[in-house]
Amino acid sequence: MERQQAYTGRMGVEQSLDDVRSRLARARAVTVLTGSGISADSGIPTFRGTDGLWKTFRAEDLATPEAFARDPYLVWEWYNWRRELIAAKHPNAAHNALVELERRLESRAGRFHLITQNVDGLHRAAGSRHVTEIHGNIWRVRCTGCGDLSDNHEVPLQIPPMCRQCPAMLRPHIVWFGEALGEEDLRTSYEALESCEILLIIGTSGLVYPAASFAPVAKAVGAYVVELNLETTPSTELVDCSFQGRAKDLVPALLEQR
Ligand code: BJW
Ligand code: ZN
């Protein structure tokens, strides 16, 4: 397994993994925050890495309401390309390990909640049940006229996709820059953050708000915060324990029973 380095105070990596394993085995409430790094191991590009989407595409041209108003065809073409790419991908060992973590928590009447910034739907595809997709889902479309929300798995979608209930155009059900996150999603997320004993933060750069402020929220209520990432991030300084490596190796390693 690739375990490159860990900011774990005086403990060695194995000892720190053991410590987190036993905390997870005892915990009654675990919340997890994921970002694109967890799906990188399934072959889906991240946003800000070397091969990240924002290295090739400009967020201002594709992921803002202004961009959609200016050129909905361009924006839909980009989403068609991403839908095609994601449709061929599958959950990896990290997604599956989180399903197992949820199962273990529930078997001892504990609480598990997964907050994801990812729009790829892989957590639900893996079998996670208590999931809040705070940035939306690429497999859902929303009417710009009547607001009707529906699932849509067509690949490719005919551009521009039109609403069946009214004459307006559909848009991806995704939270773009400058748009508010869903009120219910935020409420559920803060409840999970404010009531957890452990927060696992997996594969996110921690640069995009409001998710970037979730670690301090959990710390403020005394949660033990663990970060799993290929690299250090702005959150690394703040968390209790940080492991550097691939999510597909680290998340299953935290669940190993010894
Ligand atoms: C691995 C790995 C492996 C790689 N294993 N790890 C406060 C301060 C400053 C700015 C703001 C603020 N509040 C709001 C803002 C503005 C803005 C914002 O945060 N801007 C920042 C960039 C500065 N936020 C917003 O606009 C949000 N809205 C909002 O706050 O609304 C307020 C409002 C209220 C009332 C009315 C109106 C508005 C909305 C944010 C929406 C973000 N949407 C996106 C794009 C969606 C498009 C799409 O997907 O189609 O969501 S941005 C993009 O970034 C995407 C992601 O979900 C999000 C987070 O990225 P993530 O997942 O962290 O990816 P990366 O690439 O950044 O990092 C990958 C990580 O994985 C790295 O750390 C790697 O090391 C690691 N990794 N391989 C483990 N194998
Ligand atoms: Zn409509």
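The values are calculated or read from the model by the stated rules, or taken from the named source; none is laboratory data. Note that the structure is a prediction, hence the values are computed from the model and not measured. Positions of Cβ are backbone-derived with ideal geometry, glycine not excepted, and every protein chain shown enters the neighbour counts. Quick note on the areas: whole protein, heavy atoms, side chains included, nothing else; ligands and nucleic acids left out. Shrake-Rupley method; radii C 1.70, N 1.55, O 1.52, S 1.80 Å.
Does residue 111 meet the test of being open to solvent by 60 Å² or more (accessible area, probe 1.4 Å) and touching a Phe, Trp or Tyr at 6+ places or on another chain (Cβ under 6 Å)? No; evaluated as a whole, the condition is false for this residue. Return yes or no: is residue 26 out of contact with any helix residue (DSSP H, G or I) (no Cβ under 7 Å at 6 or more places or on another chain), open to solvent by 60 Å² or more (accessible area, probe 1.4 Å) and within 18 Å of residue 241 (Cα to Cα)? Judged against the criteria, residue 26 is a match. For the range 136-152, check the following and say yes or no: at least one residue is open to solvent by less than 70 Å² (accessible area, probe 1.4 Å), within 16 Å of ligand 1 (Cβ to nearest atom) and polar (S, T, N, Q). Yes: one or more hits.
Does any residue of the range 158-168 turn out to be within 16 Å of ligand 2 (Cβ to nearest atom), modelled with pLDDT under 95, part of a loop (DSSP other than H, G, I, E, B) and open to solvent by less than 40 Å² (accessible area, probe 1.4 Å)? Within the range 158-168, one or more residues are within 16 Å of ligand 2 (Cβ to nearest atom), modelled with pLDDT under 95, part of a loop (DSSP other than H, G, I, E, B) and open to solvent by less than 40 Å² (accessible area, probe 1.4 Å). In the range 229-243, of all residues being under 19 Å from residue 14 (Cβ atoms) and of a type in the set (S, T, N, Q), the one that is nearest to ligand 1 (Cβ to nearest atom) corresponds to 229.
Closer than 19 Å to residue 81 by Cα and assigned to a strand (DSSP E or B) - does that describe any residue in the range 174-195? Checked the range 174-195: at least one residue is closer than 19 Å to residue 81 by Cα and assigned to a strand (DSSP E or B). Checking each residue in the range 152-187 for being in contact with a strand residue (DSSP E or B) (Cβ under 6 Å, 6 or more places away or on another chain) and among the charged types (D, E, K, R) picks out 171, 185.
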